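In what follows, a single structure is set out as structure tokens and then discussed.
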Amino acid sequence: MDMPVTFKRMVLGLPHSAIDYGSVTFAAELADLLGLDLIGIFAEDDRLMDLAVLPCVREFRLSGDGWHRLDAAQLERSSNQMAAEARRLFGDAVKALRIGTRFDLLKGQIAEAIGSQSMADDILAVIMPRNPAERVTYQFRQLLNAALSRPGATLVVPSRISRRRGPIVVIAGNEHDTSAEVGLRLARAAQERLIVLTPAGANEPMPAPPIAGMAAVDWRSTRSSQIGLPELSSLLALTAERLVVLSRAVDVNLASQLASERGVPVLLTGRRA
């Protein structure tokens, strides 16, 4: 069964670093544009608290104090401060929006927390950390992999947004791909034109009558039937797009690569080939 093309909510995993809340604001504005309720989830990783009570666990302090046992009370204070700051920053990001918003504080791993809260007709949003070191942490890789492998829609938001205007670009797996319909609805909401890239040899289908008047559609064919990052980068360099809709039938791993390289959000939709 294909992914629903009518979304109800955006479920957003909130970052721990304050420098990444510019991307949170952008994701919130996109949810507002689409008329989606926004759920911001901040996950407190309670594994450190479990480790702190073990007598064999030590931390090495760079200040020269050497090895010490973990201070459970200090860890709890730091965790509470981070959660309070996340709530404040999320509140600042959504205060001017017209949509319904909610901040959820959950215990555990972020991938499990956000996965337990999302439904099939949600857009699950992941913020790419600005700090390169955070992008290779176990917690973030776990979240990204879980988001990319889910059957529903996933939005990957880059750490820096390059453009806030421009066409919506759909990278479709074939001429029957529902990603094109998702792109049409996004283009209508954003009042932008739509560019649909289909694999070489695919037909150029006309959208169904109820959708045909939503946006100007430019159907384009790629040079190859299996499009990869180099060709996509060349094509997108000429479009100055504001958002990419990528079909899961193409390659889910392109989502984070395109978001980082192009500086625009990438919405992963549909189902795998």
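The values are calculated or read from the model by the stated rules, or taken from the named source; none is laboratory data. Nothing here was measured: the structure is a model prediction, and the numbers come from that model. Glycine gets a Cβ as well: all are built from the backbone with ideal geometry, and neighbour counts include every protein chain shown.
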What is the number of the single condition among (1) surrounded by fewer than 18 Cβ atoms within 10 Å (Cβ to Cβ); (2) modelled with pLDDT of 95 or more that Gly40 does not meet? (1)
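Looking only at the range 170-200, how many residues end up being under 14 Å from Phe7 (Cβ atoms) and not basic (Lys, Arg)? Give the steps one after another, and end with the answer.
First pass over the range 170-200, keeping only residues under 14 Å from Phe7 (Cβ atoms): 178-179, 181-186, 188-189.
Then keep just the ones that are not basic (Lys, Arg); that gives 178-179, 181-184, 186, 189.
Qualifying residue count for the region: 8.
For the range 122-134, how many residues are over 15 Å from the mean Cα position of the chain (by Cα) and within 21 Å of Phe26 (Cα to Cα)? Write out each step before concluding.
First, the residues of the range 122-134 that are over 15 Å from the mean Cα position of the chain (by Cα): 131-134.
From what is left, the residues that are within 21 Å of Phe26 (Cα to Cα) are 131-132, 134.
Matching residues across the range 122-134 total 3.
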Scanning the range 93-116 residue by residue, the ones that are modelled with pLDDT of 90 or more and either in contact with a Leu (Cβ under 9 Å, 6 or more places away or on another chain) or surrounded by 13 or more Cβ atoms within 10 Å (Cβ to Cβ) (or both) total 10
Give the range 233-245 a look and list any residue that's in contact with a helix residue (DSSP H, G or I) (Cβ under 7 Å, 6 or more places away or on another chain) and farther than 19 Å from Arg160 by Cβ, or say none. Val245
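Quick check on my filter: what residues within the range 214-248 are in a loop (DSSP other than H, G, I, E, B) and modelled with pLDDT under 85?
Initially, the range 214-248 is screened for residues in a loop (DSSP other than H, G, I, E, B), giving 214-216, 222-228, 237-242, 248.
Selection gives Met214, Ala215, Ala216, Thr222, Arg223, Ser224, Ser225, Gln226, Ile227, Gly228.
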Would you check which residues across the range 69-87 are modelled with pLDDT under 90 and either surrounded by 15 or more Cβ atoms within 10 Å (Cβ to Cβ) or closer than 21 Å to Asp37 by Cα (or both) and list them? Leu70, Leu75, Glu76, Ser79, Met82
In this structure, does Phe90 turn out to be modelled with pLDDT of 95 or more, under 13 Å from Leu12 (Cα atoms) and out of contact with any Lys or Arg (no Cβ under 6 Å at 6 or more places or on another chain)? yes
Scope the range 152-193; condition within 14 Å of Ser221 (Cα to Cα) and not in a loop (DSSP other than H, G, I, E, B); matching residues: Val169, Val170, Ile171, Ala180
Just wondering, is there one or more residues in the range 107-124 that are in contact with a Ser or Thr (Cβ under 9 Å, 6 or more places away or on another chain), outside the structural domain of Ser179 (by TED's automatic domain parsing) and of a type in the set (Lys, Arg)? no
In the range 166-189, residues that are touching a Lys or Arg at 6+ places or on another chain (Cβ under 7 Å) and over 22 Å from Ser234 (Cβ atoms) total 1
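Quick check on this structure: which one of Thr137, Thr154 is under 12 Å from the mean Cα position of the chain (by Cα) and either among the hydroxyl-bearing types (Ser, Thr, Tyr) or over 16 Å from Pro15 (Cα atoms) (or both)? Break it down stepwise before answering.
Working: Thr137 fails: under 12 Å from the mean Cα position of the chain (by Cα).
Testing whether each residue is under 12 Å from the mean Cα position of the chain (by Cα) and either among the hydroxyl-bearing types (Ser, Thr, Tyr) or over 16 Å from Pro15 (Cα atoms) (or both) leaves just Thr154.
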